[in-house]
Structures are given as C-alpha cells and as structure tokens.
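First up is the structure itself, then whatever we jot down about it.
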Amino acid sequence: MTEPSEFQVADARKGRSVRLALRGLALELLTLKWDPLPRMSRPRWLAWLPHVGVVYAAVASCALTVAQLEDHYHVTGGPVVQMGLLTAASIVLGMFRPLAGWWLGLVSAALVAWTIYDDVGQGQSWPWTPAGAFTFAPLILLVALRVPPRVTIGVVSVSILYSVLVEAVFRPENSQTVLAGVTLLFGFVGVLGYALRATRLARGKLVEQESLTAEERARRTLLEERSRIARELHDVVAHHMSVISIQAQVAPHLVENPSQELKENLAGIRENALEALTELRRVLGVLRSEQPDDPANPHHPQPTLAELDGLVDNVRGAGLDVTTEFAGIRRPLTPGVELTAYRIVQEALSNCLRHAPGSQVEVGIAYGPRDLHLCVANTAPTRPAPPSPGAGHGLLGMRERAGMLGGELAAGPRPDGGYEVTAVLPMDPQHQPGGSAPETK
C-alpha cells in the first residue's frame, strides 16, 4: 500500500477545513438566540426610531401581502389574512431574534408560493409576488445588522438558493421568472446591512477608544505631576541633607577639645547623610530633566510664598486685576508646604488668565495654628475666553499636591458666575503663631 503524497494530504486537510467551516456556518444559521435590535445612542429622543421603522415595515408588509394575493392572484378567504399576519410576525420577530425571524419569513414565503400556485396566470411572477421580495428584504437587513459577515453571506445565499430551487423544480407554466431581480435585491440589502453594522461597530469602538484615551491622558497627567513633585521634593531634601552633612563635618571644629566619642558620632552622622543623599539621587535621578532651563534643575531654587508678590505682579502685568490678602503671622514654613502652596496659587492664577479674562481675582492666604488656608476666587469673565491648548488637568495636579501633604483642595463655580479654588495644607506643628489683623495689598 502506497503512502499518500503531500498534495493528497493537503487536499484532505483543505476538504476537512471546508467541511468544518460549512458545519459551523450551518450551526450559526440555526442559532435562534435573543439579539434585540440596538437603540440609537443619540439623540436620545430618537432612540426607538429603528424599532418604530421595523413595526411600520411589518404593517406595510402585511397590507401588501393581502393586497397582492387578492388583487393579482384573486385568492380570498382566511388564508390571505393568515399569510399577511405571518409575514408581519416574521418581521416583528426579527427585531429580537433575527435568524428566527428570517426562517419564519422564509417559511411564510414558501406558504405564499404554495397558496398562489394554482392561481398564477400568464406573465405573473412566482414564487415571489411582485411585492413579496420587498417584504422579505427587511428580514435580511435585520439579520445583516447584527450577525458576522459570514452569517450574512449564508443568509443571502440560502434565500437566493431557495428561489433557484423552487423556480427550477416547481415553476408553473407561463409564469414570469424574477430570479435576477431577487438576487440583486437580496445581495444589495445584505451589503447595506453589513455596511451599517460595520459603521455602528466602528462608532462604538471609537467611543470606547475616546473614553480610554481620556482615562489614559488623565493617568499620564497624574504621573507627570507626581514626577514633577518628586523632582521638586528631591531638590528640597537633597539641600537639607547636604546642610546636615556640612554641619556634621564642621561641628568638631567649633568645640574646644572635642571628645573622641563626639567626633565619631558626628562622623557617623555625616557618613549617613552622604549615603542617604547618594541613594536619594540614585533613585530619583531618572526624574531629573536634562534641559538646563527646567525649573526642577538643582541650580534653580524652588519657589516659596515669599516670592508670591512677584508672581502676582507678573499676572497683573498680563492684564488681570489681582488683590491679595493675608491673615495671621506670615512666617517660613516647611519647604514642602511652601512649594505646594506656591504651585497651587500659581496654577489657579494661570487658570484665571486662560479661562476668565477680564475678571477680578482675590488671593487669600491665612496662617492658622496648624493649617495654611489658601483661596483663589475670580468673578465672571468680561469677555469670551480664547481656546486653550492645555490638557485641562490643572485641578488634578493641584489636588495631587495637596493630597501628598495630607491636605484638601476643593474647586467649583460661584453663584455670581465666577470660580473658586480653596485648599487647606497642614503646617509643621512646631510653629505656634499668635495672631494678627488681616493685611491687604
């Protein structure tokens, strides 16, 4: 016995694949699962328009079927009404179970052909009545809107094959063939349904992608803001660790006849400070920008509330009316609080410039016993704001800064049409102020 050649094996595999594909398609055609017609997403008041259209098509198909049977084929009595109702029921069923509706429509078409078989006259169409193919076409459209393309091809092919077989085997004498027109109509409806389904799926994927893009943009902005905060805090911590190292090195020379134990402790402090500084720079060095003019560059000191007057003057120079008010005793705070407070006020004033041109802005800073209170409020803009190229995540960055210190930030519109940003930042508890009257500038 000779072994099969490679070509024979390939042909066998190809034949097996074709049989499996046809079997899978047959199972899909016989799957009468629930698959309701989707509603329109927008505008909302037109959400049920497709369903209304299908019901209207069902009523029209019922009326056309009854009229065709009575007027063209002179069929009267109960079967006429039954055929019309069955045609309408198949279309209504197609709204919820598209393949079940299509099968019922095919059965209805066969019953109509059987009913008019003995009444077909000279030049009359069969097995489809003049309007029969048009009443069956909505069923193919309902299927093509909700099934994969291969199932749509199968539905169109079976519908055309039914017409070919019935007309070839049972065609009455003197009847007119409609095979060419039926083939063109069913093929066109199948392509139309496929195109509408592809458009709907593409639109849904686009909406999903836009949502994912917005979430990704917000997450990326949050990570960028955290990286910026880490760079700035790195500069602050690195500065203090350097000071500790220098003070530990100088301290033995400030004491007359320091003990060996004191020298060893100070040397240990300096060694630990240098080691911590090295590890800090190693871990956070990747966050350092290579641009020489980056504000996170260690050669540029981080801003504090002492530089707030210069910031306000710059904003005034840009055309915004800004007033500042301080309450409590103005005093230096921890570097992290100073930097965070300055950045929050800076971002809030930038938002006023972008989104509220011509408004009046009030900046309030209150030094409490344990917390620093910030408030930046603006009135309604006097002219339309120009389009802003920013990503619109300034509030996200401000909340992130406040949250990293254990503080809180709130923002929202005011009753007069303006906007307000308030923040509460915890202070270093070692600063216990007295109190003073508000100072207005």
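Things to note:
- Computed on the stretch 175-237, the Cα convex hull volume stands at 44 Å³ per residue.
- Sequence of D371, D313 when ordered by accessible area, the most exposed leading, probe 1.4 angstrom: D313, D371
- Accessible surface area normalised per residue over the stretch 66-180 is 44 Å², counting heavy atoms of protein chains with a 1.4 Å rolling probe.
- Across the protein chains, with a 1.4 Å probe defining accessible surface, the residues E264, E232 rank E264, E232 from largest area downward.
- Projected label points at N265 and L161, each 7 Å from Cα along the beta carbon direction, are separated by 9.6 nanometres.
- Percent accessible area from carbon and sulfur atoms, the stretch 74-218, protein chains only, probe 1.4 Å: 68
- Note on the stretch 317-398: with charges restricted to the Cβ of Lys and Arg (+1) and Asp and Glu (-1), its dipole about the Cα centre is near 80 debye.
- Cα gyration tensor shape for the stretch 37-172, rounded if a/c is under 1.5, else prolate or oblate: oblate
- Local net charge near A248, Cβ-Cβ under 15 Å (Lys/Arg +1, Asp/Glu -1): -2
- Put simply, the amide H of G328, placed in the peptide plane, has neighbours under 5 Å in Y367, S436, leaving out anything fewer than 5 places away on its chain.
The values are calculated or read from the model by the stated rules, or taken from the named source; none is laboratory data. Since we're looking at a predicted model, the values are computed, not measured. Neighbour counts run over all protein chains shown; Cβ positions are idealised from the backbone, glycine included. Remember, those area values only see protein heavy atoms, side chains included, never the ligands or the DNA or RNA. Shrake-Rupley method; radii C 1.70, N 1.55, O 1.52, S 1.80 Å.
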